[in-house]
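Where a number appears in this text, it was derived from the coordinates with a stated rule and is not lab data. For clarity, every value in this text was computed on a predicted model and none was experimentally measured. So basically every Cβ, Gly included, is an ideal-geometry build from the backbone, and we count neighbours across all protein chains shown.
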Amino acid sequence: MRRIGHVIVGGAQAVPAARTAPVYDPNRGVVQGEVALGEGAVLDRAVTAAMAAQPIWSAMNPQRRARVLFQFKALVEANMAELAALLSSEHGKVIEDARGDIQRGLDVVEFCCGLPQALKGEYTHGAGPGIDVYSMRQPLGVGAGITPFNFPAMIPMWMFAPAVACGNTFILKPSERDPSVPNRLCELFLEAGAPEGVLQVVHGDKVMVDAILDHPGIAAVSFVGSSDIAHYVYSRGTRAGKRVQAMGGAKNHAIIMPDADMDQTVADLVGAAFGSAGERCMALPVAVPVGEETADALRERLVSAIEGLKPGISTDPAAQYGPVVTAQHKARVEQWIATGVEEGAELVTDGRGFTLQGYEAGFFIGPTLFDRVTPEMSAYREEIFGPVLQIVRARTFEEAIALPSRHQYGNGVAIFTRNGHAAREFAARVEVGMVGINVPIPVPVSYHSFGGWKRSAFGDHNQYGMEGLRFWTRTKLVTQRWPDGGAADVSAFIIPTMG
Ligand code: NAD
């Protein structure tokens, strides 16, 4: 049984865990390790070390901080196979997808290697007589990140790479369901030359999250997870005076116009709905064909594409997707399938009861397709986060655009069409934060930024890109004058107008 501890200054062993949580092997459905569930005392130690390291780290010039990131990127690349296997063994996503998880995080690290350029402030020479104005971007202090199970490499890197590049020190609280890759990333970061205390990992559940939200030594918190918890984290953290960004759940729609390239659309939809067993915040679990003819054609092709799908163990190179993360999550997804049936949706393909020979206890769910789902159904309104695709038929473009716009979530959306005008209208009018045009999973590249609307994100700044830099720094403005010793300013009692 593997024991997974915190990676904090002074070592994990020195802090025995009174509580632990099981870490599963989702392929086999057995416990493979246990992770420490830390509490306030562990966090205090980490924050003390992070506060001690922060002034030294931020005083180091930005290029030298960036060099640590360069070296970290090289180390992660050198250890890619080991990291992907470890990630896949706890999460259940197939190895190639696990590599993608790591690579999309590394893309952000790459961007952050160039942050010294973006950290430059603004300068106005001669803003008034003999007066110059300039701005500086300064770090906030100690930052914390609380991350979900579904991207155990990418999302921690979204957070800590910009935070530390800007001169903050950082404490990561990853998901207790797949905690090993975050630990390895932290170890590699230290191996890359980061001083002790710049990046640390503490493990835990709500107790640790609450300790982070209340800790006076932590200046900012970045959260990604489900919406109710995101809202809670946002409220409690901001009440404690912290800067907080909190990304939540999703229910992304794909609008399929009558003129869409149907072969391409079906291939894209199947990958985006069932890839990673649907456990992506940018999955496409809702298909909205416009018009009955489009709907019938789409359904027919989806059924045959689904028949060809091969869920399998995460190390099987022929498998398109693996098991879901825990038995509890499997039961939850299957419950949503039952609810969909009870609410009157038509269950076209039922993935419940799917088993794999030799892995009967694995947390597998077969691909599931519903047709004639309607907006009133709770199975439509709520996030299922499993390999379940729902068809909601729309009569017109207007009806189609209203569905994602009125939904409680607004993370991602896609439109499949050959009509540039319709696509342009859609992109401008839809009330969703990230839009794909003939692109099924529109996760923006690392030098743009990531963030949804409505209950998919609380707070002001997106993740990574220039938005990450804005979140992890505060602006200081300096107005300077170097008088030459001449006559005193006669208008000192009125507000200076720089006239
Ligand atoms: P989760 O909300 O259960 O957990 C996220 C984090 O919150 C974990 O670190 C967990 O330990 C902690 N946590 C859990 N319960 C808590 C509680 N009661 N109080 C305080 N903290 C608590 O999410 P998950 O199941 O790990 O991840 C899946 C969810 O994350 C989905 O809803 C998915 O859409 C969302 N997600 C969103 C994005 C995005 O960018 N919008 C990206 C990835 C995942």
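Using C-alpha pairs below 8 Å separated by at least 6 residues, the relative contact order for the chain is 18 percent. Please identify which residues in region 130-144 have an amide N closer than 11 Å to a label point set 7 Å out from the Cα of Arg481, following the Cα→Cβ vector. Inside the label zone: 130-132.
For the listed peptides 110-116, 256-262, a ranking on the average number of other beta carbons within 10 Å per residue, highest first, reads 110-116, 256-262. Using a 7 Å offset from the Cα along the Cα-to-Cβ direction at both Glu346 and Gln117, what is the distance between the two label points in nm, to one decimal? Result: 5.4 nm between the two label points. Size descriptors for region 342-412: radius of gyration and Dmax over Cα atoms are 14.8, 49 Å.
Once the chain from Glu82 to Ser135 is taken as fully extended at 0.36 nm per residue, the excess over their C-alpha distance is 14.7 nm. Between Arg429 and Glu191, the simple label model (points 7 Å from Cα in the Cβ direction) yields a spacing of 5.4 nm.
Between Ser235 and Glu110, the modelled label-to-label distance comes to 4.1 nm, taking each label 7 Å out from Cα in the direction of the beta carbon.
In terms of the Cα gyration tensor, with a ≥ b ≥ c the square roots of its eigenvalues, is region 169-226 rounded because a/c is under 1.5, prolate because a/b exceeds b/c, or oblate? Note, shape of region 169-226 comes out oblate. Between Asp296 and Ala127, the contour length at 0.36 nm per residue exceeds the Cα-Cα span by 54.3 nm.
Taken about its Cα centre, region 398-499 carries a charge dipole of about 220 debye when Lys and Arg each add +1 at the Cβ and Asp and Glu each add -1 at the Cβ. Considering the options Ala46, Gln335, Leu188, tell which one lies farthest towards the positive end of the dipole of the chain, charges being +1 on Lys and Arg and -1 on Asp and Glu at the Cβ, about the Cα centre. Looking along the dipole axis, the top candidate is Ala46.
For the peptides 95-107, 471-483, the ranking by mean Cβ contacts within 10 Å, running from highest to lowest, is 95-107, 471-483.
Within region 280-335, the proportion of Cα pairs with more than 14 Å between them is 72 percent.
The protection proxy used here, the mean number of other Cβ atoms lying within 10 Å of each residue, ranks peptides 43-55, 436-448, 212-224, 419-431 as follows, highest first: 212-224, 43-55, 436-448, 419-431. Taking the chain as the region of interest, the number of lysine pairs whose Cα atoms are within less than 14 Å, with members eight or more places apart or on different chains, is 4.
Projecting the alpha carbon convex hull of region 245-284 along each direction and taking the average yields 3.4 nm². Counting every C-alpha pair in region 1-122, the share spaced more than 22 angstrom apart comes to 57%. About its Cα centre, the chain has a charge dipole of approximately 1420 debye under the convention of +1 per Lys or Arg Cβ and -1 per Asp or Glu Cβ, with nothing else charged. Computed on the Cα atoms alone, the convex hull of the chain gives a volume of 170 cubic angstrom per residue.
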